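Heads up, the thing below is written out as structure tokens.
All of the numbers you see were taken from the coordinates with simple rules; none came from a lab. Because the structure is a prediction, the values reported are computed rather than measured. Every residue, glycine as well, gets a Cβ built from its backbone with ideal geometry; the counts of neighbours run over all protein chains shown.
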Amino acid sequence: MSIKKILLFSCLIVFIPFIIVNTFIKKEEITFNYTSNKMVRVYREKSNVVEKVPLEKYVYGVVSSEVPVSFEEDALKAQAVASRTYVMYAMESNKDKEFDVYDSVNSQVYNSDDELKEKWGDKYSEYSNKIKKVIVDTKGEYLTYDDKIIEAFFFSTSTGYTENSEEVFSEALPYLRSVESSWDETSPSFNDEKEFAKTDFYNKLGIKYSDILDVSDIKKTSSGRIKSLKINNKEFTGKEIRTKLQLRSTFFTFYEKDNKILVKTKGYGHGVGMSQYGANGMALAGFKYDDILKYYYTGVKIKKIDI
């Protein structure tokens, strides 16, 4: 056999498998089987309509919207289980109502597949498959306490500690206890600062203008968030201040500077349940998703439904 034929034969041996793989064996997009899925009634706030979405597809749309796709896989899995639990609790509680959940922070943020395609652009296939794998790997998993589905609250970033439920909401729930969450310090939302002109500050709070800012009678939660306080003798809850000034959390401090008022905050969100950035920090430290969930939700068990 001539050298030319040997070289040609060698090239064919190398390239034919490559051509076959790339031509006929494409990377398949992960798909869900919705045959026996439960349907979630989602109120779409922009269109003012209620859409029925299969449970696992809904969880996919929530995880894709609630946390960065760049999060560690175990943090995404923890979010998937928490989000599935959250909506299952809502479905059980809202049986007699027109819908189960909002598509916004009023419940948990949800985007449809078309909305995600627009959001992710040319990264859609890569990101979509990453999240879908997480949903498949945790399919049907949810959290219980004493054999009952829990209210699986979660939020972006803690102040270093999460909150006891009764210090933010009305009820003391045994699985929503304050825990240390030091991993949050790497979150881009851990510290924030807003600056207000004094006139703007007082207008937003509905207080008569004064050159003197007097903050008194400060009451705090066990983790240092503001429960209530008085500003120039007018009483507010921490939640009212957060809403009126559009702050990231109720862990805030006021500072006067020239004719302005600076408000420094720590953390992002209500602080109850699982910290999303804390979960990602735990995943980076080597914790698995079930460890993360059982850390932030005290005394819970992970169960599974057939879907």
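Here are a few things to note about the model shown:
- With all projection directions averaged, the alpha carbon convex hull of region 191-266 covers 4.4 nm².
- Within the listed set Thr186, Thr85, Thr250, the residue fluctuating most in the Gaussian network model of the chain (springs between alpha-carbon atoms under 10 angstrom) is Thr186.
- Of all the options Ser223, Ser47, Ser158, the one that moves most in a Gaussian network model of the chain with Cα springs shorter than 10 angstrom is Ser47.
- Hydrodynamic radius of the chain by the Kirkwood approach over all distinct alpha-carbon pairs: 22.1 Å.
- Estimated vicinal HN-Hα couplings, Hz - region 143-160 in sequence order (Karplus 6.51, -1.76, 1.60; Gly, Pro = x): 10, 10, 9, 6, 6, 10, 4, 8, 8, 8, 5, 8, 7, 6, 9, 7, 8, x
- Lys, Arg +1 and Asp, Glu -1 on Cβ, resulting dipole of the chain about Cα centre, debye, nearest 20: 480
- Packing-based order for 135-142, 188-195, 99-106, 209-216, using average beta carbon neighbours within 10 Å, highest first: 135-142, 99-106, 188-195, 209-216
- Per residue, the average separation of C-alpha pairs within less than 8 Å and at least 6 apart gives the chain a relative contact order of 21 percent.
- Listed peptides 50-59, 252-261 by packing density, highest first (mean Cβ within 10 Å): 50-59, 252-261
- Stokes-Einstein diffusion coefficient of region 246-307, Kirkwood radius over Cα pairs, 20 °C, 1.002 mPa s, in µm²/s: 147
- Of Lys208/Lys230; Lys38/Lys123; Lys239/Lys266; Lys57/Lys117; Lys204/Lys239, those spanning more than 20 Å from alpha-carbon to alpha-carbon: Lys38/Lys123
- Mean Kyte hydropathy of 1.6 or more with a Cα span along the axis of at least 20 Å, helices from DSSP in the chain: 3-24
- Pairs from the list Lys52/Lys95; Lys97/Lys227; Lys139/Lys301 with a Cα-Cα gap above 21 Å: Lys97/Lys227.
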